[in-house]
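The values are calculated or read from the model by the stated rules, or taken from the named source; none is laboratory data. None of the values given here were measured: they were computed from a predicted structure. Heads up, the Cβs are rebuilt from the backbone with ideal geometry, glycines too, and the neighbour counts pull from every protein chain shown.
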Amino acid sequence: MQNNPSLEKLILSAEHESELRSIGSKVQEKALAYSEQGIEKERKMIMREVLGDSSALPQVSTTTSSAATSDEAKKIKGYDNPRKLQALLEYTAAHGPVAASMLVKKVGDPWLDDEFHDTLITFHDELVRRNKLQEE
């Protein structure tokens with residue numbers, strides 16, 4: 001995680017780590033299915049597919065209203081790129097990766113979307129590597 005200083009500060013609650021574990025499992029399942037079909041896809045693209053499929057995501061209770069999320073999206077849009085990612089990671093720590101994936105869609109910034117998926121993959125892999133997150 002040394003490559004991304006923003007990631008160093010990202011700490012997830014047990015509930016949010018569970019969300020990330022579930023998302024990671026779905027990515028693994030899809031990657032295996034693609035591999036069995038002879039299709040090569042980047043993990044980032046598979047992560048994007050999983051996060052785009054609400055039926056594949058863990059069901060989470062969101063305490064943040066749609067209006068508050070829209071306000072947060074407007075605020076993030078006004079930042080420069082590094083600050084956008086930092087704000088999104090702070091939101092991820094507070095609300096979880098599923099809620100953050102919904103927020104990044106509302107922001108509608110392709111750069112942020114790409115960075116978010118890269119960061120989630122990196123964070124997931126690092127937690128697995130450090131044995132802080134076990135695959136299901």
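Contact annotation: residue pairs with Cβ atoms under 9 Å, 6 or more positions apart or on different chains, pairing a residue in the stretch 46-61 that is under 14 Å from LYS30 (Cα atoms) and modelled with pLDDT of 70 or more with a partner that is of a type in the set (Gly, Ala, Ser) and not in a helix (DSSP H, G or I), are GLU49/ALA56; VAL50/ALA56.
Among the candidates TYR91, TYR34, which residue alone is surrounded by 15 or more Cβ atoms within 10 Å (Cβ to Cβ), in contact with a helix residue (DSSP H, G or I) (Cβ under 6 Å, 6 or more places away or on another chain) and modelled with pLDDT of 90 or more?
TYR91
Taken together, HIS117, HIS124 contain a single residue that is touching a Gly at 6+ places or on another chain (Cβ under 7 Å) and either part of a helix (DSSP H, G or I) or at pLDDT 85 or above (or both), which is HIS124.
Restricting attention to the stretch 62-73 and to residues that are in a helix (DSSP H, G or I) and either exposed (fewer than 11 other Cβ atoms within 10 Å of the Cβ) or in contact with an Asp or Glu (Cβ under 8 Å, 6 or more places away or on another chain) (or both), the residue that is modelled with the highest pLDDT turns out to be SER66. Residues that are among the aromatic types (Phe, Trp, Tyr) and under 23 Å from ASP53 (Cβ atoms) within the stretch 64-102 comprise just one, TYR91.
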